Amino acid sequence: MTPHQLTALNLASTGHTHKEIARELGIDEKSIGKLMTEIFRKLGAKSMPHAVLLACRAGLLDGKPQRHGDHAGFAAHRYRGEEPCDDCWAGERTYRAEQRQRRRQEAAGGPQGAPKAANGARDVRGAPGAAERRTGARGEAAA
């Protein structure tokens with residue numbers, strides 16, 4: 001989007017009328033309709049509120065893109081006290097399935113590099129700080 005279009009969209013998002021936007025941009029009021037149509041086309045919007053919503057999600061108005069359609073988008077909906085949209089629910093289901101898969105893999109074979117002992121505890125020999133845990137304050141072996 002051009003800086004001119006972003007300025008118009010930003011003004012529209014704050015509730016300015018077409019007349020006020022035209023005055024602010026220094027163009028004819030009749031040109032605003034064409035400018036807004038071009039903004040809608042670029043964003044894939046059907047109305048001004050829809051254009052503002054899409055621009056906010058893309059981070060065009062505040063510079064902070066909002067997550068949508070994934071776990072972070074789902075969490076953002078919940079944080080705001082909203083019911084997550086269908087896209088965010090789908091993203092959350094995918095995220096949960098990946099987490100289940102990861103946990104199953106860890107339970108089956110453990111993570112790479114840290115072998116499990118017979119009782120299921122991790123073998124910490126050779127791990128940073130392991131020697132300090134095995135010896136007492138005076139350097140004696142811990143019982």
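The values are calculated or read from the model by the stated rules, or taken from the named source; none is laboratory data. Values in this document were obtained by computation on a predicted structure and should not be read as measured data. Every residue, glycine as well, gets a Cβ built from its backbone with ideal geometry; the counts of neighbours run over all protein chains shown. Ligands, DNA and RNA are stripped out before the accessible areas are found, and what is left, the full protein with its side chains, is counted by its heavy atoms. Shrake-Rupley method; radii C 1.70, N 1.55, O 1.52, S 1.80 Å.
Numbers below:
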| item | result |
| --- | --- |
| Extension reserve of the Met1-Ile27 stretch, reckoned as 0.36 nm per residue once the Cα distance is removed | 7.6 nm |
| Gyration tensor verdict on segment 1-84 (Cα atoms; rounded if a/c is under 1.5, prolate if a/b is larger than b/c, oblate otherwise) | prolate |
| Two-site label geometry, Ala107 and Asp86: point separation in nm, points 7 Å out along Cα→Cβ | 3.3 nm |
| Residues Cys56 and Arg93, FRET efficiency given R0 of 35 Å [Cβ-Cβ distance, rounded to 0.05] | 0.90 |
| Area accessible to solvent at Asp86, 1.4 Å probe radius, in Å² | 130 Å² |
| Whole-Hz ³J(HN,Hα) from phi, Karplus 6.51 cos²θ - 1.76 cosθ + 1.60, for segment 77-86, glycine and proline x | 4, 4, 4, 7, x, 9, 7, x, 6, 4 |
| Gain in span if fully extended, Ala76 to Thr14, counting 0.36 nm per residue against the direct Cα distance | 20.0 nm |
| Those GluC sites (Glu not before Pro) in segment 1-110 that DSSP places in a loop and that have at most 15 other beta carbons within 10 Å | Glu82 |
